[in-house]
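Undergrad: Pasting in a structure now, in structure tokens, and then I'll have a few things to ask.
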Amino acid sequence: MTKTRTTSFDIAEHLRTPDDMAAYLDAMFDESGEEPRSIVRAIGDVARAKGMTQLARRTGLGRESLYKALSGESSPSFDTILRVVRALDLRLSTVVMAPARRLRPVRRRAVGTR
């Protein structure tokens, strides 16, 4: 029986164009829900795809600091996120979301009533 060999997958290796990077971030915003660390990690993936050394020069931040801030393990300041996004030649934008379906409150009956 032959052994199966696996390799680790790094999304940064597949983000080759600005359109790829923007589409990836859009998907992460859509799918991450209430989890900001996923978005920070996705911005870090795009940053690695673009090149951390170049990004460090453009943001004025240290390369090691960028790796740490964009790892998803910390909570970088919004200023840092904006500097990184601008240095990536991207822009954060907003769109109106469809209103969420409101759930009706559950009415509980007292025990023994109908």
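Undergrad: Please determine, by comparing only the residues of segment 70-84 that are crowded, with 16+ Cβ neighbours inside 10 Å and under 16 Å from A12 (Cβ atoms), which one is modelled with the lowest pLDDT.
TA: G72
Undergrad: So, in segment 28-40, how many residues would count as being under 17 Å from T80 (Cα atoms) and either surrounded by 18 or more Cβ atoms within 10 Å (Cβ to Cβ) or at pLDDT 95 or above (or both)?
TA: Of the residues in segment 28-40, 1 are under 17 Å from T80 (Cα atoms) and either surrounded by 18 or more Cβ atoms within 10 Å (Cβ to Cβ) or at pLDDT 95 or above (or both).
Undergrad: Which is free of Cβ contacts under 8 Å to residues at least 24 places away in the same chain and surrounded by 18 or more Cβ atoms within 10 Å (Cβ to Cβ), of L66, L55, L15?
TA: L66
Undergrad: Another question about this same structure. Give me a count of the residues in segment 85-100 that are surrounded by 11 or more Cβ atoms within 10 Å (Cβ to Cβ) and hydroxyl-bearing (S, T, Y).
TA: Count: 0.
Undergrad: Right, here's the next one. Show me the helices (runs of 4 or more DSSP H) entirely contained within segment 1-71 in which 3 or more residues are among the hydrophobic types (A, V, I, L, M, F, W, C).
TA: 18-32, 36-50, 52-59
Undergrad: A follow-up question, please. Kindly provide the set of residues from segment 11-60 that are more than 20 Å from S93 (Cα to Cα) and of a type in the set (D, E, K, R), ordered by number.
TA: E13, R16, R48, K50, R57, R58
The values are calculated or read from the model by the stated rules, or taken from the named source; none is laboratory data. Being a predicted model, the structure only gives us computed values, none of them experimental. For neighbour counting, all protein chains shown are included, and Cβ atoms are generated from backbone atoms with ideal geometry for every residue, glycine included.
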